[in-house]
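What follows is a set of notes on a single structure, which appears directly below.
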Amino acid sequence: MSNTDSEATAETPGNETPERVFLVVVDDSDEMKVALHFACRRAKNTGGRIALLHVQEPAEFQHFMAVEEIMREEKREEAEELMQLLSTEVVEWSDKMPSFYMREGDRREELEKLLDEEPSISILVLGAGVGRGGPGPLIDYLLSRGASQLRVPITLVPGSLSDDAIIAIT
């Protein structure tokens, strides 16, 4: 079996059903945790697995290269700690270790690049914010411009869902 543009799942040997890979974009928001729990439950119930993407935005302070490099390294260490913490939850919720993707740059651009580069990713799962700020900048971007150019479906999970509600619907 070979991957084609129409295949959006990981390749598996024989006649087995391809493994679904649920991509969650990691940040420190409450709605991301809800989306992650939803994705883990879906992965566990469908024999899929989780992939986590963390995109480190470039440092805004660029007057002194040494200070900028220290800030970048500190952000990277914080991101790695967050990914390790989340991986524990992913294993607990889905029974499988997640894949990790660490990028630096614009979150929208890096997400699109990853989806183009990684044909095993099947579904993008994002948590929608519930505050007055709207669903979130990434969702705003995807709904206004980027979604039509993605090769995978997007699942938007309301950030207000409780764990019990997630369990009931997955």
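FYI, it's all coordinate maths here, none of it is from the lab. All of these numbers come straight from a predicted model, not from anything done at the bench. No Cβ is skipped: glycine too gets one built from the backbone with ideal geometry, and neighbour counts run over all protein chains shown.
Sorting 47-56, 158-167 by average packing, meaning the other beta carbons within 10 Å per residue, from highest down gives 47-56, 158-167. Quote the relative contact order of the chain in percent (integer), defining contacts as alpha-carbon pairs under 8 Å separated by 6+ residues. Relative contact order comes out at 31 percent.
Here the sum of -39500 (n - 2.57) over DSSP H runs of 4 or more residues, divided by the residues of the chain, equals -13500 deg cm²/dmol at 222 nm, to the nearest 500. The phi torsions of segment 156-170, fed into the Karplus equation with coefficients 6.51, -1.76 and 1.60 and a -60° offset, translate into couplings of 9, 10, x, x, 8, 5, 7, 4, 4, 5, 4, 4, 5, 9, 10 Hz, rounded to whole numbers, with Gly and Pro shown as x. Pairs of Lys residues in segment 21-169 are counted when their Cα atoms are under 22 angstrom apart and they lie 8 or more places apart or on different chains; the count is 5. For residue 157, the residues whose modelled amide H falls within less than 5 Å of its own, excluding neighbours fewer than 5 places apart on the same chain, are 126, 127, 128.
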